[in-house]
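A short write-up of the structure that comes next.
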Amino acid sequence: MSLNTSNFQTKNTMKRIFITVLAAAAIFFAGCDQNPKEQNNVTVQSNNAPPGFDVNKLAQLVKTSTDPQTLEKGINDPNNHINNLDLDKDGNIDYVKVIEPDKNRLDVVDDVSDADSVTIARIKIDPTANNTADLSVRGNPDYVGYNNYYHSSFSFTDFLLLSYLMRPHPYYMPMYHYGYYPSYYSRVRTVSTFRPTTSPAMSSRSFRGSLSNPSGSQRSFSTRSGSAPVRSGGFGSGSSAPRSGGFGSSSSGRSSFGRSRGGFGRRR
């Protein structure tokens, strides 16, 4: 009698184990049939997003900056309240860089990821008669808002950046890129109350494009080879005229001089 009871209990135990295994397998295969979880891809802001960059304040900073590197540092100083962009959606204000793609022109660029960059604003400086210069700053309305164009004239004595532009120099191409920033940069959370300022010099202008996809060799700056000529700035030098195209060409988003990373910054 006890032997039959033991066999009965053993059969019940095995039946419960078998049912448990079948249930677990059903749950597993049901989970496999579901769609895989989506990747966290970078999404660039749409036109409906609030403006995150102040063109008017950028123009004021251009006048008082002595060179592109000083301008770049000033734009990324949170105390200046110029940049509040978060295009990679990590909750922190993006680092933006300044590049010098051509004579008398500077671009403000946000590296959204390792592969993508966005031109936020283009700065153009044209000398005129009577020791004055025209300053034009055209912002990308996707990121700066409706009033995206600044234009005004200044005397040479009031425009510190002119001293840099007028003397021969290699064009400024920073070594920094997405995930690799200068030592002075620190992550700061975006400000929900950020609003671009305006002035009588501000208006609205249209432009083309925003996103570029440079190749891997275009994503960092390096020293040119000895045989490659170095382009020089200055109002009277340089064989190419300033480009006047729209935003987003890959040649202006990042430099194309090869791959090299110096030791003056830090990775994030």
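The values are calculated or read from the model by the stated rules, or taken from the named source; none is laboratory data. Treat the numbers as computed from the prediction; the structure is a model and nothing was measured. Glycine gets a Cβ as well: all are built from the backbone with ideal geometry, and neighbour counts include every protein chain shown.
Points worth noting:
- At least 2 residues being modelled with pLDDT of 95 or more is the threshold, and among the helices (runs of 4 or more DSSP H) wholly inside segment 1-104 those reaching it are 55-64, 68-75.
- Verdict on Pro170 being at pLDDT below 90, more than 16 Å from Arg122 (Cα to Cα) and either touching a Lys or Arg at 6+ places or on another chain (Cβ under 8 Å) or basic (Lys, Arg) (or both): no
- Looking across segment 115-148, just one residue is more than 15 Å from Gly52 (Cα to Cα) and touching a Gly at 6+ places or on another chain (Cβ under 7 Å), and that is Ser117.
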